[in-house]
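None of the figures in this text is laboratory data; all of them are computed from the coordinates on show. Model, not experiment: these values are computed from the prediction. Positions of Cβ are backbone-derived with ideal geometry, glycine not excepted, and every protein chain shown enters the neighbour counts.
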């Protein structure tokens with residue numbers, strides 16, 4: 001009879017295992033620990049064991065950074081169109097509609113006004129869930145307006161970037177946004193208003209090659225991938241093996257491309273200190 005009991009016990013265990021709902025646990029890619037998803041969320045999607053930074057929704061990031069109730073969204077209704085009639089495996093218009101449903105937003109960046117410990121800022125947060133945070137005409141316009149509002153209101157500008165780069169479905173129109181956003185940022189610098197850039201995982205392509213790397217202060221989250229071209233593309237082009245961690249935040253900090261790597265739970269206090277220090281002073285010559 002013993003083998004019947006073992007079989008019954010196995011059935012009980014299988015039934016118990018199947019009863020655990022999906023999403024209750026999350027495996028950390030950094031340390032392979034199995035984490036309680038609710039507790040992970042309470043720690044702002046940072047692994048409590050190895051400090052791996054999981055992606056964080058744009059709405060939650062705004063809550064984490066800004067004073068409660070201070071965020072006023074701008075340009076929320078601006079949507080991308082399909083000027084080129086682009087189609088690959090799907091029509092660009094279909095991709096846009098799917099991205100809006102998946103992300104709950106109009107495009108790949110949320111922007112608006114807020115305060116950090118009472119200091120007014122114009123802020124933008126990329127929505128990576130929207131087509132990989134790619135920069136098309138709407139993203140470029142919204143980032144440009146962040147700098148223009150900061151100039152008009154004599155406030156600091158702050159952008160959290162997470163992007164796969166320029167949006168190929170808009171062709172040269174997407175590439176034009178690199179110059180457009182950089183020119184608007186130049187006008188902000190001329191009057192000495194600070195711009196702080198925070199690089200998230202990943203920040204690549206045309207976003208990395210324009211406003212994301214033009215901050216008066218450039219911060220990054222730990223181990224964020226920051227690059228223009230992919231590592232395999234570079235390696236195949238130059239025919240050389242790349243150093244370990246070549247495009248991670250720690251490597252860039254060591255080689256002078258970043259000012260500081262900041263843990264997500266310390267970002268708000270770090271930004272508040274920087275804003276008090278910088279203020280509306282002449283910072284145009286701080287980076288050459």
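List the relative contact order of the chain as a percent without decimals, with contacts defined as Cα pairs under 8 Å and 6+ residues apart.
Relative contact order for the chain comes out at 14 percent.
Once the Cα atoms of the chain are picked out, what are the Rg and Dmax in Å?
Reported Rg and Dmax, both Å: 21.8, 86.
GNM, the chain, Cα, under 10 Å: largest mean-square fluctuation among 201, 39, 236?
Checking each option, the largest mean-square fluctuation is seen for 236.
So for 172, 109, fewest C-beta neighbours within 10 Å to most, what's the order?
Ascending number of Cβ neighbours within 10 Å: 172, 109.
List 123, 261, 196, 238 from most exposed to least, where exposure is judged by having the fewest other Cβ atoms within 10 Å.
By the 10 Å Cβ count, ascending: 238, 261, 196, 123.
If you rank 170, 250 by fewest surrounding Cβ atoms within 10 Å, what's the result?
250, 170
Rounded, prolate or oblate: which fits the range 133-253, taking a ≥ b ≥ c as square roots of the Cα gyration tensor eigenvalues, rounded meaning a/c under 1.5, else prolate when a/b beats b/c?
Here the range 133-253 falls in the oblate category.
If one takes the longest principal axis of the Cα atoms in the chain, at what angle in degrees, from 0 to 90 and to the nearest 10, does the Cα axis of helix 137-153 lie?
Here the helix axis deviates by roughly 60 degrees.
What distance in nm separates the simple spin-label points at residue 168 and residue 33, each placed 7 Å from Cα in the Cβ direction?
According to this spin-label approximation, the distance is 3.8 nm.
Hey, with R₀ at 30 Å, roughly what FRET efficiency would residue 152 and residue 257 work out to, going by the Cβ-Cβ distance, to 0.05?
Taking R0 as 30 Å, the efficiency between residue 152 and residue 257 is 0.45.
Between residue 76 and residue 49, what length comes free when the chain is fully extended (0.36 nm per residue of separation minus the Cα-Cα distance, one decimal in nm)?
Fully extending the segment from residue 76 to residue 49 adds 6.0 nm.
To the nearest 10 degrees, how steeply does helix 172-190 sit against the main Cα axis of the chain, on a 0 to 90 scale?
60 degrees
From the square roots a ≥ b ≥ c of the eigenvalues of the alpha-carbon gyration tensor of the range 66-131, which class results: rounded (a/c under 1.5), prolate (a/b over b/c), or oblate?
Prolate is the answer for the range 66-131, as a/c is 1.5 or above and a/b outweighs b/c.
How would the range 17-115 be classified by its alpha-carbon gyration tensor: rounded, prolate or oblate, with rounded meaning a/c under 1.5 and the a/b versus b/c comparison settling the rest?
Because a/c hits 1.5 or more and a/b fails to exceed b/c, the range 17-115 counts as oblate.
Once label points are set 7 Å from the Cα along Cα→Cβ at both residue 88 and residue 101, what is their separation, rounded to one decimal in nm?
Taking the two extended label points, one gets 2.0 nm.
Which whole-angstrom value gives the distance between the alpha carbon centres of the range 29-88 and the range 122-177?
16 Å
State, to one decimal in nm, how far the label point of residue 117 lies from the label point of residue 67, with both points 7 Å from Cα in the Cβ direction.
It works out to 1.3 nm between the two label points.
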